[in-house]
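Throughout, read-outs are computed from the coordinates displayed, never taken from laboratory work. Computed from a predicted structure; not experimentally measured. All Cβ positions, even for glycine, are placed from backbone atoms using ideal geometry, and neighbour counts span all protein chains on display.
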Ligand code: SF4
C-alpha cells in the first residue's frame, strides 16, 4: 500500500504529465462553469458532455441567465443527456443562488451541499476547482480507484464501506495542489483504472496497487451482494394405481408451462377433486430445486389409489410408472418419478 503522502504526490505528478488538460471547463475557476460541468459529468462520459456544455454556456452564459430562463428551455438544452432531474435541479439551484446568495456560489463544500442537486462529492469538486478548498471527492470512479489501490473489501454502497472510503479519501488529500490532485483522481478513474480492463502498466500506482499485485482488478470494487433467493415450498401428489402414474399438463404460461407434472396441493383435496379412491398415502423425502429467481422445495406425497375408471381425461394422463420420467416432465419431477418407480412401495 502506498504511503498516504506519496499517493497524492504520485497522483499529482501523473496528472501533470499524463492527465487531461484541455477539457473545455478546465482552466477556469468560475464556479458556474465548474458546477455546470460537474453536474453534466455525473453518469455521463466526457465526450458526450462537451457539445452539451458548449451549447448550454452559449445560451446561458452565467448563473443569472440560467435562473431567468424558463425551465422548458433549460430542459430542451438537456435533451439527450438523460437523468432529467439534473436539469430541473440545475435550474432550481441557479434560482436559489440568485435569490438567496445574491448571485454568488457559496465558497465552501459545506455551503454548496445545501443547494439542490449538489451532493457531497460534487460540492467538493466545485470547491476544489473554484476556490482551492481541500475537500475530498468520492464518485463511482474514485471509489473504484481507492478500492483497487488499497484493496478495500465490501460493496462500496454499503454504509460501513462508504464511511471507510470517505475517511480514506480525506486522509489522502494533499496539503497543496488540490486542483491537480482532484483532476488526477478523475482522470485516473476515467482513462486508466477503468471498470472493464484497467491499463495497469501505465498507472502511477502500478507497483503498489493491491488489486494489481493480487490480480483482483475484476473483483474490486466488490459487486452489490445478491439479494437472498426467495424460498417456496409446494406439495406434489404422486398418484399411482400400482403400475401407472397420474400426470397433468400445466397451462402454457407460468412455471413449467405446457409440461406434465403431478397434481400440486393437499393430498386429500387433490384426490377428492379427481374422484379417486385412496388406498394409502405416505410422504417421501423433500427435494430442492434452484430456479433463477427462487428455490423450490418439492414435498412429495405418494398416494396409492384404486384403479381409475378413465385413463385419459382432458389434460390428465395415466402413464406407465417405469417410463413416466421421460414423458416431457421437468427435471425435478423426473427425479421424483424415478424415486417412486425404483421403489414404489
Ligand atoms: S494498478 Fe491497475 S487496478 Fe491498480 S489503480 Fe492502477 S489501473 Fe487501477
Top of 23, 90, 165 by mean-square fluctuation, Gaussian network on the chain, Cα under 10 Å: 23
With Cα atoms, 0 to 90° folded angle of helix 331-342 axis to the chain main axis: 30
Alpha carbon centroid spacing (whole Å) that separates the stretch 115-148 from the stretch 175-229: 16
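How high is the relative contact order of the chain, in percent, with contacts defined as C-alpha pairs under 8 Å that are six or more residues apart?
That works out to 14 percent.
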Degrees separating the helix 4-18 axis from the principal Cα axis of the chain, which is the longest one: 80
Considering only the stretch 231-342, percent of DSSP beta bridges that pair antiparallel, nearest 5: 65
Convex hull volume of the chain per residue (C-alpha atoms, cubic angstrom): 211
For q = 0.14, 0.16, 0.23 Å⁻¹, Debye-computed log10 I/I(0) when each Cα of the stretch 231-342 counts as one equal scatterer: -0.51, -0.68, -1.48
Alpha-carbon Debye profile of the stretch 31-148, log10 I(q)/I(0) at 0.11, 0.15, 0.18 Å⁻¹: -0.34, -0.64, -0.92
Range of Cα positions in the stretch 1-58 per principal axis (Å), largest first: 44, 23, 19
GNM flexibility winner over the chain from 27, 275, 215 (Cα, springs under 10 Å): 275
Protection proxy ranking, peptides 297-303, 227-233, average beta carbon neighbours within 10 Å, highest first: 297-303, 227-233
Kirkwood estimate for the stretch 273-316, i.e. one over the average of 1/r between Cα atoms, Å: 13.1
Bridge type composition, the chain - antiparallel percent by DSSP, nearest 5: 65
Within the chain, helix-based [θ] at 222 nm, where runs of 4 or more DSSP H residues each add -39,500 (n - 2.57), nearest 500: -12500 deg cm²/dmol
Protection proxy ranking of 282-290, 98-106 - average other beta-carbon atoms within 10 Å, highest first: 98-106, 282-290
